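The values are calculated or read from the model by the stated rules, or taken from the named source; none is laboratory data. Note that the coordinates shown come from a computational prediction; the quantities given were computed from them, not determined experimentally. Cβ coordinates were reconstructed from backbone atoms using ideal geometry, including for glycine residues, and neighbour counts include every protein chain displayed.
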Amino acid sequence: MSAQGDTRAPLGFVAATALIMGNMIGAGIFLLPASLAPLGWNGVVGWIVTISGTLVLAWVLAALTRARPQAEDSTGLVAEAFGKMTAFVVMWSYWITLWIGLATIAIAGVSYLSAYVPLADWHPLAPTGAAIAMIWMLTLLNLGGVKAAGQFQVVTLAIKILPLLAVMAIAVLALAGGEADLQPFDPGTLSPGAINAAGALTLFALLGFECASLAAKRTRNPEVTVPRATMWGTAAVGVIYLVVCSAIALLLPAEDVAGSTAPFATFVGQFWGPGPAALVAAFAVVSCVGAVNGWILLQGEVPRAMAERGMLPQWFGKTNRAGSPTGALVLSSGLATLTLLLTVDPSLQGMFEFLLLLSTSIALWFYIALVAAAWHLRVARPFALIGLIYGLWTLYGAGLVPSLWGIALMAAGLPLWWMEQRTQAKGAGQPG
């Protein structure tokens, strides 16, 4: 039975939108002001370009979902356009993005947790250990089933929006009351290189808008629900991000924001007080926990879908009694753990930025493949062309090294693909 006619599918419009917004509102927004502060107004322009480009990508994905419902999800869309092998390479790289992004978000959560508990003072590896513990606790939650994970996502989304709304309100009151002034806008300080760099950084904060499509088989009436949730969720988060991140970066001295491990708390502490600042830090930790939960759900769903299509060994698709892909979830979280252990850095901000650019550059190949598929299938072609230009522009901004890593990691999955195809060919050749 398709998800369209299956009223038992666990994700409806509210849960699908919460999944999108919950995955997007996480590490990116809560640490990005520190990375963008030195860029000044270039960061604001970078946000505008990124939000516009992401909405174009979201529109193309929504159009593809409506035009090709038989494809079921992003894997099927790429396979229909370019064949199973290309779909494997693209989805393999996206799966890598998920567990690298998971590690990135966990580090952000620990960074805000450090506002309460100075973990690094206990032991240099304590922050990494805390991030790993967060990942595995939420992996256990996801092993309990998609429905439980979806319900948890709705709850954490309601909590994590509060500090964003608080910063917006504080910024308005501070400007209206004359307590703060925006950095003066000087067009001469804008540069294409700085805007491009800001675009690469800000895209990480919007990663996740495609997650409803990836979980389409778990969504009720996906032809309608997925496009609606994708566009509404992406637009809402984009506007919130533009206002909140720009307010923090432009209302405080750049050096104060850049040197902060918890820029939201620094902002609230400056204009409200230390008590509310501590509360905002707590909300930021909850936000990152919610994002970790959503990304764990996806890092199990992507390889499960690939296994169902014969792209990965069948054990990736095996589920437990709750319907969760046990092997895929455990392996993915294990790889995220390994990523954290291999990238230990005394500077949480430096560790965050390295993983951010790596995750973003690999994810871009997924987006480029989707808009190329739309062009090939003659779906929303003008938007597909704009999306392709935007994707290549952002890939350039991420830098050569992350881009080369992306290509290498995509190629690393090919031996597994060939082994699975040989296994299938041998099985088909055996007499029944």
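Remarks
- Restricting L57, L61, L98 to those that are within 25 Å of A236 (Cα to Cα), in contact with an Asp or Glu (Cβ under 7 Å, 6 or more places away or on another chain), modelled with pLDDT of 80 or more and buried (at least 24 other Cβ atoms within 10 Å of the Cβ) reduces the list to L61.
- Of all residues in region 181-213 being in contact with a Phe, Trp or Tyr (Cβ under 8 Å, 6 or more places away or on another chain) and modelled with pLDDT under 80, the one that is surrounded by the fewest Cβ atoms within 10 Å (Cβ to Cβ): E210
- Some residue of region 330-339 being among the β-branched types (V, I, T), under 30 Å from Q70 (Cβ atoms) and in contact (Cβ under 8 Å) with a residue 12 or more places away in the chain: no
- Failed item, numbered, when A265 is tested on (1) over 19 Å from the mean Cα position of the chain (by Cα); (2) within 25 Å of L141 (Cβ to Cβ): (2)
- Helices (runs of 4 or more DSSP H) contained in region 299-399 and holding at least 2 residues at pLDDT 90 or above and more than 21 Å from A58 (Cα to Cα): 326-342
- Enumeration of residues in region 222-271 that are outside any helix (DSSP H, G or I) and surrounded by 18 or more Cβ atoms within 10 Å (Cβ to Cβ): L252, S260, T261, A262
- Residue within region 5-13 that is at pLDDT below 90, within 14 Å of T230 (Cα to Cα) and surrounded by 24 or more Cβ atoms within 10 Å (Cβ to Cβ) present: yes
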